[in-house]
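One structure, as C-alpha cells, below. Some questions next.
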Amino acid sequence: MTYRETIPGFGELSLVVLDPGAHAELVHRWVTQPRARFWGMGSWTVEQVREIYEFADGLPTHHAFLIMLDGTPIGLFQSYQPEADPVGERYAVQPGDVGMHLLLAPGDDPPRGLTTAVAPALFRSLFRDPAARRIVAEPDVRNDRALRRLQREGFALDEEIDMPDKRARLAFLTRARFEADHRTPV
C-alpha cells in the first residue's frame, strides 16, 4: 500500500501498486467498457493490457495503482514524470511537474459524489512529494466530462496538443491552487 486516507462518508481510500499479472483481467474489464472509450484500450485483449502494464511497471518514471475503497477496487490511478513521457515533448515541462491519469470504475451503482470525494485524496497523494509543484493531465479533447471535472477540481485548461493516439487538452493544477481549495484532512 502506498497511500491511505479516510474519506468521510465513503470509507478508507488506499492506493495499491498495480500487479500487471494479477490485475490484468480486472483492468481489462474496466478499460473495455464503453464509458472508458477515451482510455484508448477498448479493443485490447487481456494479454495486451497485461503487457502494457508490465512495460510501465519496468519504468522508474511511471507508476500504476489500483484505487481501493474499503478494500474494494474502484479504479485505476497512474502517475508519471512528464519529461519521460510523450506529453513532455509537447509542452514546456517545469521542475516539479507530475502527470496523472485517472479511471474510476466503481461498479453499477456508485455512491453519489464519489469522484468529488476521491479526486482530492488522489491529488494529495501526489503532492505528498515536496518536489511536486504542479499536476499535469492531458485528456482527450472530446472528453467533455473529464475536462469539466478537471476545471471543477481547480485545474486550469491550457492548449490542445497532438499526442500519438489522440488530440489532447493540457490541464494544470498547481500546489498553491490545490492547497487554497482543499485543506488536509485530520
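Taking only Cα atoms and a 10 Å spring cutoff, compute GNM fluctuations for the chain and point out the largest among Ile67, Ile135, Ile52.
It is Ile52.
Compare Ala156, Ala92, Ala84 in a GNM of the chain, Cα atoms joined below 10 Å, and give the one with the largest fluctuation.
Ala92
How many times 2.2 N^0.38 Å is the alpha carbon radius of gyration of segment 1-91?
1.15
Can you pull the Kirkwood radius for segment 43-105, inverse mean 1/r over Cα pairs, to one decimal in Å?
13.1
Roughly how many whole Å is it from the C-alpha centroid of segment 17-51 to that of segment 124-145?
Measuring centre to centre over Cα atoms gives 21 Å.
Beyond 23 Å, what percent of the Cα pairs of the chain remain?
The answer is 41 percent, as a whole percent.
Roughly what would the spin-label model give for Asp109 and Phe38, points 7 Å off Cα along C-beta, in nm?
Placing both labels 7 Å along Cα→Cβ, they lie 2.8 nm apart.
Mean residue ellipticity at 222 nm from the helices of the chain, using -39,500 (n - 2.57) per DSSP H segment of n ≥ 4 over the full residue count, to the nearest 500 deg cm²/dmol?
Mean residue ellipticity, 222 nm, calculated: -8500 deg cm²/dmol.
Determine the distance separating the Cα centre of segment 148-172 from the Cα centre of segment 56-80; give it in Å without decimals.
So the two Cα centres are separated by 21 Å.
Sticking with this structure for a sec: Give me the net charge for the shell around Val46: Cβ to Cβ below 15 angstrom, other residues only, Lys and Arg +1, Asp and Glu -1.
-3
Note down the nm distance, to one decimal, between modelled labels 7 Å out along Cα→Cβ at Val17 and at Arg167.
4.0
FYI, it's all coordinate maths here, none of it is from the lab. In this text the structure is predicted, and so the values were computed from the model without any measurement. We place every Cβ from the backbone using ideal geometry, glycine too, and count neighbours over all the protein chains shown.
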